[in-house]
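Undergrad: Take this structure first; my questions come after.
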Amino acid sequence: MNKIFPLPSTGATVTGGAGGATVDGVSDSDFTSCYRHDDRSAGVICQRCDKPICPDCMSQASVGFHCPECSRSGKQRVISGSLAFDPIVAKVLIGLNLTAFVAAGAWGGRPMDLGPKPVVELALRGDFVDDGEIYRLITSAFLHDGLMHLAFNMWALWVIGPILERVLGRSRFIGLYTVSLLGGSFGALLVEPRAFTVGASGAIFGMFGAMAMAQRASGQSIWAGGIGPILGINLFLTFAIPFISVGGHLGGLVAGALTGAVTIPLIRAKKPDWQILATQALIGAVFLAGAVWAASTWVDPIF
């Protein structure tokens, strides 16, 4: 999990925590009726056979959801052809995080951990952002304090990311991830502005929030669909374990849930893609402005 620890050279601290027309390979035909219930909307497809399924037909799997037949059969098969979907954005994001982890380790002289130099230069902290280093709102989300910190966030990105990437479309998933990242930065600065904050957890929690909104939009309980328990456990750990960025996690969660709640109905209503992306950009601008304001306003943490 994310943590805070003193930096040898500065005495500062590091806080862990802070996706009818065809759009990016996902067409309106992806949003169709359930193959078993014609009167019900299908928000996702079976990860084994690509059949569209409604909430009542969705069975949680290790990656994505399965239809009733595939759940009972327990057989695996390789999906190929036009219906196969490659989660390119999720893979690129994971690759960027891995690259940043290796580069930061080499730069800081600690290959499996985060050294003081990349933290001081790239991590999120209010006084540096207030001095104009706005880039820290983004760069901090690609730094990780140790292999376990990186592994946990990348595992969550690989499990949830491909589902949201297919449901939202690639460009909209990028918008969701960016807004969630900015929301995490805003929350971290609001709660702990004088701590150095690193990690993709804000964006990860944003995906949790968007996934919950997607299931609610499909008429499914988040507790029946699996995301509710996952979110509940992660929220418990957020408050129970020391040195985790509470603000980063909650800020990302709120940003992702808000983006999902606004974006998914627009997609189902078949609104133009530019309108959906503009809406996401507006939400992101609000959290960006909030982060800049928090960096310049809060001298002491709220908590």
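The values are calculated or read from the model by the stated rules, or taken from the named source; none is laboratory data. Keep in mind it's a predicted model, so treat the numbers as computed, not measured. Note that each Cβ is placed from the backbone with ideal geometry, even for glycine, and that neighbours are counted across all protein chains shown.
Undergrad: Wholly within the range 127-232, which helices (runs of 4 or more DSSP H) include no fewer than the required count, namely at least 3 residues that are of a type in the set (A, V, I, L, M) and crowded, with 18+ Cβ neighbours inside 10 Å? Before the answer, list the steps.
TA: Numbers: elements: 136-139, 147-168, 170-191, 201-217, 222-225.
Here the list reads 147-168, 170-191, 201-217.
Undergrad: Something else about it: Which one is modelled with the lowest pLDDT, of the residues in the range 266-303 that are of a type in the set (V, I, T) and surrounded by 12 or more Cβ atoms within 10 Å (Cβ to Cβ)? I'd like the intermediate steps shown before the answer.
TA: Taking the range 266-303 and keeping what is of a type in the set (V, I, T), we get 267, 276, 279, 283, 286, 292, 297, 299, 302.
Going one step further and asking which of them are surrounded by 12 or more Cβ atoms within 10 Å (Cβ to Cβ), we end up with 267, 276, 279, 283, 286, 292, 297.
Working: I267: 92, I276: 96, T279: 97, I283: 98, V286: 98, V292: 95, T297: 85.
My answer is T297.
Undergrad: Considering each of L231, L181 in turn, give the residue that is under 16 Å from A255 (Cβ atoms), modelled with pLDDT of 95 or more and not small (G, A, S).
TA: L181
Undergrad: Where residues in the range 98-126 are over 20 Å from the mean Cα position of the chain (by Cα) and assigned to a loop (DSSP other than H, G, I, E, B), which of them is surrounded by the most Cβ atoms within 10 Å (Cβ to Cβ)?
TA: Only one residue fits best here, namely L114.
Undergrad: Restricted to the range 234-261, and to residues that are part of a helix (DSSP H, G or I), among the aliphatic types (A, V, I, L, M) and over 16 Å from the mean Cα position of the chain (by Cα), which residue is farthest from Y177 (Cα to Cα)? Break it down stepwise before answering.
TA: Just the residues of the range 234-261 that are part of a helix (DSSP H, G or I), to begin with: 234-240, 246-261.
Of the ones still in play, those that are also among the aliphatic types (A, V, I, L, M) are 235, 237, 240, 246, 250, 253-255, 257-258, 261.
Filter once more, keeping what is over 16 Å from the mean Cα position of the chain (by Cα): 237, 240.
Numbers: L237: 22, A240: 26 Å.
In this case the residue turns out to be A240.
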